[in-house]
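Enquirer: Okay, handing you the structure first.
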Amino acid sequence: MSKRPFLGWFASPSILIAFAIAASFLAIVQYSLRAHVPGSLNPGGLTLDNFTTLWKAVYGQAFLNTVLLCFWTALFTLLIGYPLAFAMVRAKSARLRSAILLISLTPLFLGEIVRTYSWMIVLGNRGFVNAVLMQMGLIDRPIDFMFTMTGVVIALVHFTLPIVVVMLAAALSHIDRNLERAATSLGAGRVRVFATVTLPLSIPGIVAATSTAFAWTFSAFATPQMIGGGKVQTISTLVYQVGFASFNFPLAASLSLVGLLFTIAVLAIFNTGIRRLEKIGAH
Amino acid sequence: MKKTILDHALDWAGRILLTAILCFVLLPFIVVLIASFNESAILTFPPKGWSFRWYANAFEYRDFGEGLVNSLMIAAIGATIALIAGSGFAYVLNRYDFALKSLLNGVLMSPLIIPNFTIGLGLLILSAAASLPRSVWLVVAVHVIIVLPFVVRSVYVSLQNFERRYEQAAESLGAGPVHVLLTITLPLLLPGLVSGGLFAAILSFNEFTASLFVVNQRTQTLPVAMYNYVREYADPTLAAVSVIYVAVVAVMLLLVHKFFRLEKVLNVE
């Protein structure tokens, strides 16, 4: 009798899927090295032109926009997500804990379109926020949220919040409360306990959450596409435009490839950071 | 220990902050709910009159109905495939060591890092290079790849909390591996499998970006149909669709929560 029953049966479907993932990655690499034949969907001969084209200002601007969006989104998501995760982990009643969890998860489960469309109604020129502010007489003319970086960041913070809250809550729930009790018994007030014990101990969680927020924002498409409306061009919106408006799939492939390498590089930096922090924590 | 004034102030500041953040999270959905009952085509706040006409409109627009059917079908097939492949993989990942295990794991988990637009573009190019038609199976393949990591994770967590002694007891009483699997392992893993499958179905139902790259007019999913609608029309029909959509997802989510507490799936306990 085999010592490892079902190994072959259980592993084969996932091996097939892994092959499909690998093959589609290779397809992107292969297309990124082929010439675009205008008017044809089939690529031409081998070339590096796609990568030299990417040095144009349009693509540089899209990269810059994407990085800026990632930065602002990660920052504000952390500022909002940390108190939420903290309240959830430390809530005394299980019911309150469940309620906070369910509410903070709603954006995750409602899909990009519903969420983004809802924000369009909230942020539009005749939208909820502007209507309320005008009626209160606080502003004379609507604030422009649509087609601006600010609007895209607000909606992206909402989009990234659930995963950040979950990751921060996981980190916070693994902190040994005895360390806080020790600090309290030595006379530290709540603010001091938080600033000198809880916050430092949650830094690995914060770094991990930041890296995920970065990856999510980087891959966001519907939000910059619909709220940015072509005015806030990111890598994702540009890949779509190059692919489906100009049918230049080789260029779209090389743009995705460079974006993917960039993501992997940034995540690798974050991971090294997390490992260093964990080492410090161990000593 | 007695609470000082500072403690009370902190408590209240915390409560206000928490409420404000929760309002921020829910605001768009509340606004969309109000907008869906707004009488006029132009959105105004507060609405001047109430009506159900956008709901009627939503039901009459054919793309939504077809999109919903496509989405439900793709979510059901995709989640089933992902559940079979993912739980099998979680099982071998949890119990065995084999050659190239970490490579296989890395490739299967890579969709967590690879942006969805890249996954969509990759499969579109792959299918074009292999001269495959842009059929519904291409969309299913994209969805399976995207939701698989979540299924693996959900089942893997259940396997980690699994009590191996029941299996050992059955084995020592002479049950063969298939017998043990069917009568001990599967029934005990059922909550994890059900929640993993529902989780996958919800994620697949919601997937938009990668789908946009691989669908055509005939295979478009509900999110893609909604996106196309909002590019063409500016009336609140989409608000009505959104409300129905939220209701459908909420039911699915409550089901997951019932079978297997969300805290467990997400490892925040």
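No value in this document is a laboratory result; all are computed from the given coordinates. Every value quoted in this text rests on a predicted model; they were computed, and no experiment measured them. Virtual Cβ from ideal backbone geometry, glycine too; neighbours counted across all protein chains shown.
Enquirer: Amide H to amide H, which residues 5 or more places from A:Arg34 or on other chains are under 5 Å from it, using H placed in the peptide plane?
Expert: Answer set, sorted by chain and number: A:Thr47.
Enquirer: Separate question: Just to compare against my own numbers: the Cα pair-distance distribution for chain A, 5 Å bins, whole % per bin, please.
Expert: 1, 5, 9, 11, 12, 13, 12, 12, 9, 7, 4, 2, 1, 0, 0, 0, 0
Enquirer: Also, I was wondering about something else. Give the shape of the stretch A:86-227 as rounded, prolate or oblate, defined through the alpha-carbon gyration tensor: a ≥ b ≥ c are the square roots of its eigenvalues, a/c under 1.5 means rounded, and otherwise the shape is prolate if a/b is larger than b/c and oblate if not.
Expert: Cα axes put the stretch A:86-227 in the prolate bin.
Enquirer: Sort all Cα-Cα distances of the stretch B:57-265 into consecutive 5 angstrom bins from zero, then give the percent of pairs in each bin up to the one containing the longest distance.
Expert: So the P(r) values, bin by bin, are 1, 7, 13, 16, 16, 15, 11, 8, 5, 3, 2, 1, 0, 0.
Enquirer: Something else: Order these by the 10 Å Cβ neighbour count, fewest first: B:Leu148, B:Leu198.
Expert: Final ranking by Cβ density, sparse to dense: B:Leu198, B:Leu148.
Enquirer: For the protein assembly as shown, what does -39500 (n - 2.57) per DSSP helix run (n ≥ 4), summed and divided by total residues, give at 222 nm, in deg cm²/dmol to the nearest 500?
Expert: Roughly -24500 deg cm²/dmol at 222 nm, from the helical runs in the protein assembly as shown.
Enquirer: Could you tell me the ratio Rg/Rh of the protein assembly as shown? Both radii from Cα atoms, Rh via Kirkwood.
Expert: Taking Rh as the inverse mean 1/r over Cα pairs, Rg/Rh reads 0.98.
Enquirer: Here is a follow-up. If you average 1/r over every pair of different alpha-carbon atoms in the stretch A:232-283 and take one over that average, what Kirkwood value in Å do you get?
Expert: 12.9
Enquirer: Okay, moving on. Hey, got the dipole for the stretch A:21-282? About the Cα centre, +1 on K and R Cβ, -1 on D and E Cβ, debye to the nearest 20?
Expert: Value, rounded to 20: 760 debye.
Enquirer: Continuing with the same structure: Got the relative contact order for chain B handy, in percent, Cα pairs under 8 Å and 6 or more residues apart?
Expert: Relative contact order for chain B comes out at 31 percent.
Enquirer: Further question on the same structure: What FRET efficiency would be calculated for the residue pair B:Thr183, B:Ala250, taking the C-beta separation as r and a Förster radius of 41 Å, to the nearest 0.05?
Expert: Efficiency, from the Cβ-Cβ distance: 0.70.
Enquirer: Taking the Cα centre of the stretch A:105-177 as origin, sum charge times position over the Cβ atoms of Lys and Arg (+1) and Asp and Glu (-1), and report the length of that vector in debye to the nearest 20.
Expert: 100
Enquirer: For the stretch B:145-177 and the stretch B:83-139, write down the distance between their C-alpha centroids in whole Å.
Expert: Computed from Cα coordinates, the inter-centre distance equals 22 Å.
Enquirer: Now a separate question. So how strong a dipole does chain B carry about its Cα centre when Lys and Arg Cβ are +1 and Asp and Glu Cβ are -1, to the nearest 20 debye?
Expert: Approximately 260 debye in magnitude.
Enquirer: For the protein assembly as shown, what number of Lys pairs, 8 or more residues apart or on separate chains, have alpha-carbon atoms under 19 Å from each other?
Expert: 5
Enquirer: Using packing as a proxy for protection, rank A:168-181, B:50-63 so that the peptide with the highest average count of other Cβ atoms within 10 Å comes first.
Expert: A:168-181, B:50-63
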